[in-house]
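Structure record follows, encoded as structure tokens.
The values are calculated or read from the model by the stated rules, or taken from the named source; none is laboratory data. Model, not experiment: these values are computed from the prediction. Here the Cβ is made from the backbone with ideal geometry for all residues, glycine too, and neighbour counts use every protein chain on show.
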Amino acid sequence: MIDPRVASGLRDVPPSAMIPRERMLATFRKVFSSYGFMPIETPHIERMEVLTGKGAGSDEVLRQIFEVVNKGGDPGKLALRFDLTVPLARFVAKHVNEIGIPFKRYAIGSVFRGERPAKGRFREFTQCDFDTVGTESEVADAEIIQVIYDALASAGIRDFRIAINHRLVLNGLLETLGAEGQGASVLRVLDKLDKIGRDKVIVELTTSKMPEEGESPVSPILTVEQAKRLLDFVEAGRGPVEILDQIDAGIAANPQAAQGITKLRTIHQLLVAAGVPTEAIELNLGLARGLDYYTGVVFETTITGWEKFGSVSSGGRYDNLASLFTDRKLPGVGASIGLDRLMALMEEAGWLGGTSTTAPILVANFPGGDPAIAVALAARLRKTGVGAEVYPDPIQIGKQMGYGTTRGHKFAVIVGPDEVASRVFNLRDLTTRQEQKAVAWDALESTVQAALAGQASGS
């Protein structure tokens, strides 16, 4: 027999986890739509050259791409998408004359990375992306952050922080340090600061890399002095956005840094105007984001007390990504919510409900009775928008009630021979085991709806 286990880094999702996932996705879709974002779908499989074009992703991400080869196909031609942003850039470049700009889209789907599995990290995971393409406005930048806040708050997450920074501030800092030519390499290492700490970041920045066979040695990215000044700056730049007022005058005088500081202040003012709580936004001048395509504001979201899970939502501005596919300038900004990491965190925190059913009502199939009656009563409930499941087999009523309790049904409708004769039913609360007895069939819908409303309100 074949072992039914799944491959490493992948997993099955049972109803107890899938039901709250679906509810959360419905919440996200509602929030995205409320801002005018429209849904699109792109293929899971893209041409390799689309995913590996210059600027599409960091070397680390590109090393994790899953190649796809069908029988008789040519290796290296196709791959599974590693995010939803690069496919978006291709989509917009291809369809821009049809969709117009600015174009606001959301997309929810699986992406694939061959990274080592860990808590909240999988090789296949679901991203919930939302982006605005075709504008350089800080209004669009701030709106993406607003959506992150509203989506997580609507999903029941109450204590989280959205850290923001601007790539121009970091670029200006590197220019001031005389290291502007090392930008991509520095930012990639700097992005590991929270994971590996200051000392290891300095080592990575200042140590020569041993060459592979046949390759030349790789010189250090920065000098020790440059690395220390860099880390001093970014470590002092964490906290309220007002820290921008305290930035070193020499760095603030740099044209790139000054422009980044102005943009951060504007974004913050827009967030305040939108009613995003001040305590939900913090400055992190060391935040770089590892992907090469970011050019402007960047942001990451962590849940207070659960930082070990890393960011549950991140993104930023990418003004040159579409240049992989078109000569037309199509600046963009967007973010992604990592659904699987968020759900893993909520499960460990005990924030997910335990129900394994999508229908709140179980209609019993009474032993010796006519199953058509149960089927008819359930159909009546569904027509009013109340989910109802009929137990398929006429087994002992106690066992049917046990099934309903285990699955998470809220109430059970029970109709035995005596109830059929009187055209009444009993409604059992599967939590308290209390029953409303001998309720007329004509009152089925109103009685069930009132019971559900009462349980929801706690009365």
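Things to note:
- Per the listing 105, 116, 90, the residue uniquely among the basic types (Lys, Arg), crowded, with 19+ Cβ neighbours inside 10 Å and modelled with pLDDT under 95 is 90.
- Single unsatisfied condition, residue 400 versus (1) outside any loop (DSSP other than H, G, I, E, B); (2) surrounded by fewer than 20 Cβ atoms within 10 Å (Cβ to Cβ): (2)
- Flag for residue 281 being of a type in the set (Val, Ile, Thr), over 16 Å from residue 162 (Cα atoms) and touching a residue at least 24 places away in the same chain (Cβ under 8 Å): no
Residues are listed down the side, and each one gets a yes or a no for (1) in contact with an Asp or Glu (Cβ under 8 Å, 6 or more places away or on another chain); (2) modelled with pLDDT of 85 or more:
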position: 99; (1), (2): no, yes
position: 127; (1), (2): yes, yes
position: 131; (1), (2): no, yes
position: 141; (1), (2): no, yes
position: 147; (1), (2): no, yes
position: 156; (1), (2): no, yes
position: 159; (1), (2): no, yes
position: 180; (1), (2): no, no
position: 188; (1), (2): yes, no
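- For the stretch 128-178, the set of residues classified as part of a strand (DSSP E or B), of a type outside the set (Val, Ile, Thr) and crowded, with 22+ Cβ neighbours inside 10 Å consists of 128, 129, 130, 131, 165, 166, listed by residue number.
- Check on residue 24, in the same structural domain as residue 157 (by TED's automatic domain parsing) and touching a Lys or Arg at 6+ places or on another chain (Cβ under 7 Å): no
- Check on residue 413, outside any helix (DSSP H, G or I), buried (at least 21 other Cβ atoms within 10 Å of the Cβ) and not assigned by TED's automatic domain parsing to the domain that holds residue 307: yes
- One residue from 316, 338 being under 23 Å from residue 169 (Cα atoms) and surrounded by 21 or more Cβ atoms within 10 Å (Cβ to Cβ): 316
- Residues in the stretch 347-377 that are aliphatic (A, V, I, L, M) and either assigned to a loop (DSSP other than H, G, I, E, B) or in contact (Cβ under 8 Å) with a residue 12 or more places away in the chain (or both): 349, 352, 359, 361, 362, 363, 364, 373, 374, 375, 377.
- Qualifying residues in the stretch 14-30 (those that are over 15 Å from the mean Cα position of the chain (by Cα) and among the small types (Gly, Ala, Ser)) - the one farthest from residue 106 (Cα to Cα): 16
- The residues on offer are 72, 76, and the sole one that is free of Cβ contacts under 8 Å to residues at least 12 places away in the same chain, in the same structural domain as residue 186 (by TED's automatic domain parsing), on the phi > 0 side of the Ramachandran plot and in a loop (DSSP other than H, G, I, E, B) is 72.
- For residue 327: the one exception among (1) buried (at least 17 other Cβ atoms within 10 Å of the Cβ); (2) assigned to a loop (DSSP other than H, G, I, E, B); (3) among the charged types (D, E, K, R): (1)
- Residues located in the stretch 6-58, provided they are closer than 21 Å to residue 89 by Cβ and free of Cβ contacts under 8 Å to residues at least 40 places away in the same chain: 45, 47, 48, 49, 51, 52
- Considering only residues in the stretch 345-361 that are farther than 13 Å from residue 19 by Cα and in contact with a helix residue (DSSP H, G or I) (Cβ under 7 Å, 6 or more places away or on another chain), the one that is surrounded by the most Cβ atoms within 10 Å (Cβ to Cβ) turns out to be 361.
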